[in-house]
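Input: a single structure, listed below in structure tokens.
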Amino acid sequence: MQEPVSALIVEGATASFTVGVTGSPPMSFQWFKNGLAIPGANSPTHTTPPASAADHGAEFRVVIENFCGSVTSAPAVLQILLPPEIVVQPQSQVATNGDPVTWSVTAAGQGTLTYRWRFQGVEIPPRPRPPSRCPVCSPPMRASTTCASRTPRAP
């Protein structure tokens with residue numbers, strides 16, 4: 001039997017699991033998610049509906065039967081890449097003329113996060129982690145700084 005392979009997808013995408021098997025026909029297939037039979041999942045390939053965060057870590061197995069008996073596949077695990085979340089927002093700063101200003105942000109997510117900062121709408125060169133510094137302040141200055149973080153994309 002060729003076992004189904006685990007999948008890594010982004011939230012909202014579908015995953016396909018396939019099993020390869022040889023034996024005497026006719027064969028029947030029944031896919032299971034976390035031990036529960038999936039209604040209508042009765043072929044060598046099962047495609048999930050769009051995945052949500054709740055599907056992360058779900059195990060998919062298939063039971064194949066013919067007149068000689070049955071065999072159960074090893075589990076294939078579904079992993080979901082979730083978008084990062086900003087836990088602590090950057091705070092407003094007050095600075096005097098000529099002082100540098102430092103902003104920081106705290107983000108949570110899977111894998112290595114990267115950060116993109118903008119100062120008055122213009123992207124500041126990438127940095128691997130917070131904090132980030134903006135140019136030296138000069139009056140009068142009202143600046144808008146934003147930060148976005150992201151996780152790597154699924155293959």
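Worth pointing out:
- Remark: E11, E85 ranked as E85, E11, counting other beta-carbon atoms within 10 Å and listing the fewest first.
- Estimated translational diffusion coefficient (Stokes-Einstein, Kirkwood radius over Cα pairs, 4 °C, 1.567 mPa s) of segment 45-101: 78 µm² per second.
- Summarising the amide proton neighbourhood of A13: residues at separation of 5 or more, or on other chains, whose placed amide H is nearer than 5 Å comprise A51.
- Length gained when the stretch T112-A54 is fully extended (0.36 nm per residue, less Cα-Cα span): 18.7 nm
- Placing pseudo-labels 7 Å out from each Cα toward the beta carbon at S43 and F67 gives an inter-label distance of 2.6 nm.
- For segment 1-72, the direction-averaged projected area of the alpha-carbon convex hull comes to 4.7 nm².
We did not get these values from a lab; they are worked out from the coordinates using the rules stated. What you are looking at is a predicted structure, and each value in this text was computed from that prediction instead of being measured. With ideal geometry, Cβ positions are generated from the backbone for all residues, glycine too; neighbour counts draw on all protein chains shown.
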